[in-house]
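First up is the structure itself, then whatever we jot down about it.
What follows draws every value from the coordinates through simple rules; no lab data is involved. Everything numeric in this text was worked out from a predicted model, so none of it was measured. Backbone-built Cβ (ideal geometry, glycine too); neighbour counts: all protein chains shown.
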Amino acid sequence: MAQVAAVGEMGVGELLNQDLLGAQPRPGARGAVPVVDEVTLAVHPDLQDAVERRPAQHQVGESGTSNGGTKDVPVGEATKQQLKAARIRPASVRHPVPGGTRQRTSPVPPVTAAPECGTIVYMPMPEYASITALDALLAGLRVGQARRRQLGMVRGELYRALERGGLPVAARRSLRRLLEKETLTAYLRLAESGALRERQVNGGCPPTSQATNAARHRCLHLLRTAYGLPALRLGSGGRIPLRPTPDHATLAALRRRLDADLTTAMSPGHTRLTALLALVLDAAPRAGELTALRLSDLAPGHAAVFVRRRPQHGIDEADDAWFALSPLARAALERWLAVRAELVARAHGTSRLWVSLFVNHDGTRHQDGRAVLRPPGLPLEEKGLLLSYRTGRARYHLTTLLPPKLEQLRRAVLDHTPPQPLTGIPTTHTD
C-alpha cells in the first residue's frame, strides 16, 4: 500500500526513470530487475499509456521463463534501455498474498509490438485449452444471430466458472470434460443462481430468469450434440411453453388487410412492414434470415425469393431454397423497392433488401461516449427489424391480426400454410 501511495503522488516521468515499479524482483532474474505490477498501473493509468508509447524493448533474466513458459517484462534497468524487444510475452502479474511474503501469479495477455510503429498492443488470449477448443466448435456452428448471442453468453459463463474455480480442474484442459454431466451440473447451479452474471442487476446478482435458463439448456444440448456427445437431462430448466400462434382464419384476414393497405398511400415504415409481412406469409423466414436477404435473392419479376436457412439448432443440413411469392408479396416488394431506392441513394449504397428509415446507431460510440450515428439507407440489423415489427404492429393498428412476436407469426405460417420449396429453380444460389 505504501508503494501505491508513492505512485499516486509521482509523475509519469519520474516513474519511468525509477525502479519503484514492482515491489519484489523475480528470483533468478539477472540483476533482480523488478517487474510492472497490476496495482501500479491501476492507480496511475497514464503510466501504461506512457510505457506503450515508448519503443518496444525489453531485457530478460537468465531464467527466461516463468511457470507459464513466458517472459516477465522488467521495468527498472530495462526502461532505461528503452525496452528493446519487438515482441514480449509477460507470463504473470504478481499479487501479494495476505499474511505472508509469498506471491501468487495469474496469466496475463501476451504483449505484441507493431514493427512499423513500435507500439505495444495487449492481445487477449484464451487461458484454458477447453475454452480454445470451445471457440473452434462455436465457429463451425451454423446458427442464427439470436442463438449465437445465447451461445456467447454460455461461453462467457463457462469461462468465468473456470476462472473462479467453480468447475473441476480437468475441465480446463479438455472440452470433453467441460461438457460432461458432472461439470455441466456444477455450471448450471452457479449460472442459474446468478453468480456468473457479467453485470450486476440493480446492484446485485439475482437468479436468472426461466427463459434464460431454458436458452442455456438448449445451448448446452446443441454443444454436446455438435461435439458428438449424447443428450443429457440436466436439472429442471428445460423448455418453456411456446407462445400461442394465430389460427388459419387470422392469417387469411391478415392477407386481406395487407392487400387493402396496398391500395392506399402508405408511409415508408408502413410500406416496409407490409413487404416484410408478405414475405413471412409466403416463405416463413426467421428474423435473422430476413435481415440477410439481398436484392440478388429475388428472382426476376420478384416471382420468388431465395432464403438461406439459419436454424437455431445449427446441426442439421441447411435447407436453403427458393420459395414462390404470391401476387400480394410481389406488389408489396415493388412498393418497398421504390422507397428503398430513394433511401439508399442518400447513403453509400448496399445490396441488402431491408434498410433503415431514419438516423440511428448500432451501439458504437465515440471516445467521448457519444453514439456514432448512422444515416438512413444503411442495412437494417436483426434488432432493428424486430423493433420495427413491434412498433409497426401498434402504429398501423395490426394488434388484432399480428402476434406480439414475429417468431409467433412464422410458426403460425409453418403450422397452417407451410411454404414449399420450388423445384423449377436450382436450390443453390450465389450472389
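Distances between placed amide hydrogens fall under 5 Å for V355 paired with L380, all partners being 5 or more residues away or on another chain.
Rounded to whole numbers, the Karplus 3J(HN,Hα) couplings from phi for the range 160-170 are 5, 5, 5, 5, 8, x, x, 10, x, 4, 4 Hz, using 6.51 cos²θ - 1.76 cosθ + 1.60 with θ = phi - 60°, and x at Gly and Pro. Estimated at 0.36 nm per residue, the fully extended path between L337 and A265 surpasses their Cα-Cα distance by 24.4 nm. The length gained on full extension between A394 and A211, counted as 0.36 nm times the residue separation minus their Cα-Cα distance, comes to 63.4 nm. Measuring nothing but how far apart in sequence close Cα pairs (under 8 Å, 6+ apart) lie, relative to its length, the range 129-227 scores a relative contact order of 31 percent. Contact order for the range 248-416, expressed relative to its length and based on alpha carbon pairs under 8 Å spaced 6+ residues apart, stands at 27 percent. For A304, nonlocal amide neighbours, meaning residues 5 or more places apart or on other chains whose placed amide H falls under 5 Å from its own, are A299, L325. When you count the other C-beta atoms within 10 angstrom of each residue and take the mean per peptide, 386-393, 133-140 line up highest first as 386-393, 133-140.
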